[in-house]
Amino acid sequence: MAESLVTVASFSTPIEAYMARNRMEAEGISTFLADVETVGVAWHLGPAVGGVKIRVQSEYVELAQSVLKDIAGQVAPQEMYSDEAQSRRAFRAAALGVIFPPLQLYSLWLIGRLLFTRQRLGIEAKRYIAWTVVLDLWIVVYALTTVIIVMGRGSFGTRLPLYFW
């Protein structure tokens, strides 16, 4: 007996589709994910195929749609974009930038975004920002000093005047 499958939702990433599928299967609805491999392997084709589609049997369409509405109502708040989270991320980037210096640029960019927002920063965010600036400036001064010393010794074929010392 052939049962008809109905598309109840479409997602842009396989992860979102698997999360919705797991919730539906926890409610007792058997599901089928269409185009999950295509979008997972060739992500740039996702919009062309319509994303990852969740299909259910026709008798479970209403129940599946109510589960999807519940899922949409339970979206967690975006705390990862709060000022305190951004300042912690900048501090971690500055700390790791001691080992991998290009992260200093990312850290400075995050600090710039925080300082030029019109929102009031909390005391914890200000503390993280202060320590991040200290770490960033320490690395930048160390890097510039190293470059000046190396150039002053003639390693690059140039000699700096004495007023740099």
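The values are calculated or read from the model by the stated rules, or taken from the named source; none is laboratory data. Please read all numbers here as calculations on a predicted model, not as lab measurements. Cβ atoms come from the backbone with ideal geometry, glycine included; neighbour counts cover every protein chain shown.
Does LEU68 satisfy the criteria of being touching a residue at least 60 places away in the same chain (Cβ under 8 Å) and either assigned by TED's automatic domain parsing to the domain that holds ALA20 or touching a helix residue (DSSP H, G or I) at 6+ places or on another chain (Cβ under 9 Å) (or both)?
For LEU68, the condition - touching a residue at least 60 places away in the same chain (Cβ under 8 Å) and either assigned by TED's automatic domain parsing to the domain that holds ALA20 or touching a helix residue (DSSP H, G or I) at 6+ places or on another chain (Cβ under 9 Å) (or both) - is met.
Give the residue that is modelled with the highest pLDDT, with candidates limited to residues of the range 136-160 that are of a type in the set (Gly, Ala, Ser) and surrounded by 12 or more Cβ atoms within 10 Å (Cβ to Cβ).
ALA143
Scanning the range 96-140 for residues that are among the small types (Gly, Ala, Ser) and under 22 Å from the mean Cα position of the chain (by Cα), which turns out farthest from ASP83 (Cα to Cα)?
Per the criteria, the residue is GLY97.
Just to confirm my filter: which helices (runs of 4 or more DSSP H) fall fully inside the range 12-118 and include at least 1 residues that are modelled with pLDDT under 85?
46-49, 61-73, 83-96, 102-115
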